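These notes are about the structure you will find just below.
We did not get these values from a lab; they are worked out from the coordinates using the rules stated. This one's a predicted model, so the numbers in the text were calculated from it and none came from an experiment. With ideal geometry, Cβ positions are generated from the backbone for all residues, glycine too; neighbour counts draw on all protein chains shown.
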Amino acid sequence: MKYFIDFEAMQFSNEIISVGCVSENGEKFYSLVQPKKAEKITEFITSLTGITYEELFSAPSADKVFSEFYEWVDKTEKPEFFCYGDCDDGFIKSTLKYNITDFYGQCGLSLIKSNLKDYSASVREHFGINRSIALKKVVEYYRGETIIQNHNSLEDAIYLKEIYENSINEFIKECPFPEYNSENDKPKIKKLITAERGNVKMEFVSYSKAADWVMADQLSVGDIINEKTKSKICNRIKKAAEKSIPYFGYSWFVDNKS
C-alpha cells in the first residue's frame with residue numbers, strides 16, 4: 001500500500017506539529033501534534049501554516065497521534081511512504097528523540113521512517129532537471145492553473161498523491177521547466193540507452209526513462225502498471241542490450257559515457 005505523507009514542524013526543534021497522510025485508495029489521516037513546548041512556536045511558523053499556540057496547546061500528544069496512526073495504517077502488506085523533500089526524515093528523528101515515549105507511538109513513527117521515500121528526487125529525474133522544484137509549481141503544471149498553497153500537511157499530502165499519479169506513467173518529450181537547468185549545470189549523462197527499429201530511434205538517459213517510455217507507449221490498456229512493473233521492464237531492457245535480443249520489437253543498445 002502506498003501512502004503520501006507530509007509534516008509541519010517547529011522552526012528550531014523540528015518537532016512535528018501536524019501530520020497529514022492519504023493512502024493510494026484515498027483514505028485520509030490528519031492531526032495536529034502537541035510539541036513539548038507549544039509556546040515556542042514562532043510567528044513565522046504560525047504565519048506559514050496557520051497553526052497557533054492555542055491549537056497546539058490543546059492538540060493530542062505525539063504518543064497518542066502516532067499510536068492512532070499505527071492502528072490506521074494497513075499492515076497486511078509492506079507500506080510505502082512518499083514525502084516531498086528531504087526535511088521529513090529530520091522531523092521524524094527529532095520527534096522520536098524529544099517527544100515520543102509510548103511504544104505504539106514509536107512503532108508508528110518508526111514504520112514511516114523505515115519506509116520513507118523522497119519523491120522529489122523522482123520528480124527531478126522525471127522532468128530531467130537538476131534543481132529542486134516546489135510542490136506547488138508541479139501541481140500547477142498538472143492542473144494548468146495557479147493554486148494557493150496553505151502549507152497544510154493533509155493538503156500537501158493530497159497534492160503529492162496527485163503528482164505521483166500524473167507522473168508515474170507520463171512520458172516527457174520536452175522538459176516543461178527549462179529554467180531549472182542551465183547550460184553550465186546540466187547533469188552529466190552517464191548512460192545513453194537506445195531503442196532502434198527500422199528508421200525509428202529513441203534515446204534515453206537512464207533505464208528508468210526508457211521504462212517510462214515503454215509503459216506509456218508500448219503497454220496495452222489493462223496491463224498492470226506499478227513500481228514492480230517498471231523495475232521488471234528496466235531489467236528486461238538491460239538483458240536485451242546485454243544479449244542483443246529484441247524487446248517490444250526494438251533492438252536495445254547501451255553506451256556508457258565516460
Query - Every residue from segment 35-75 that is in contact with a Gly (Cβ under 9 Å, 6 or more places away or on another chain), under 15 Å from Gly20 (Cβ atoms) and not in a helix (DSSP H, G or I) - result: Val73
Report summary line: Considering residues that are surrounded by fewer than 16 Cβ atoms within 10 Å (Cβ to Cβ) and not in a loop (DSSP other than H, G, I, E, B), the number found within segment 163-179 is 4
Requested in this report: Could you figure out which of (1) hydroxyl-bearing (Ser, Thr, Tyr); (2) within 18 Å of the chain's Cα centre (by Cα); (3) over 20 Å from Ala157 (Cα atoms) isn't true of Tyr104?
Outcome: (2)
**Report entry** Residue, farthest from Ser206 (Cα to Cα), within segment 148-180, restricted to residues that are of a type in the set (A, V, I, L, M) and either touching a residue at least 40 places away in the same chain (Cβ under 8 Å) or in contact with an Asp or Glu (Cβ under 6 Å, 6 or more places away or on another chain) (or both)
**Finding:** Leu154
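Mind listing whichever residues of segment 1-33 are of a type outside the set (A, V, I, L, M, F, W, C) and without any contact (Cβ under 8 Å) to a residue 60 or more places away in the chain?
The initial filter retains those residues of segment 1-33 that are of a type outside the set (A, V, I, L, M, F, W, C), namely 2-3, 6, 8, 11, 13-15, 18, 20, 23-28, 30-31.
Answer for segment 1-33, where residues must be of a type outside the set (A, V, I, L, M, F, W, C) and without any contact (Cβ under 8 Å) to a residue 60 or more places away in the chain: Gln11, Ser23, Asn25, Gly26, Glu27, Ser31.
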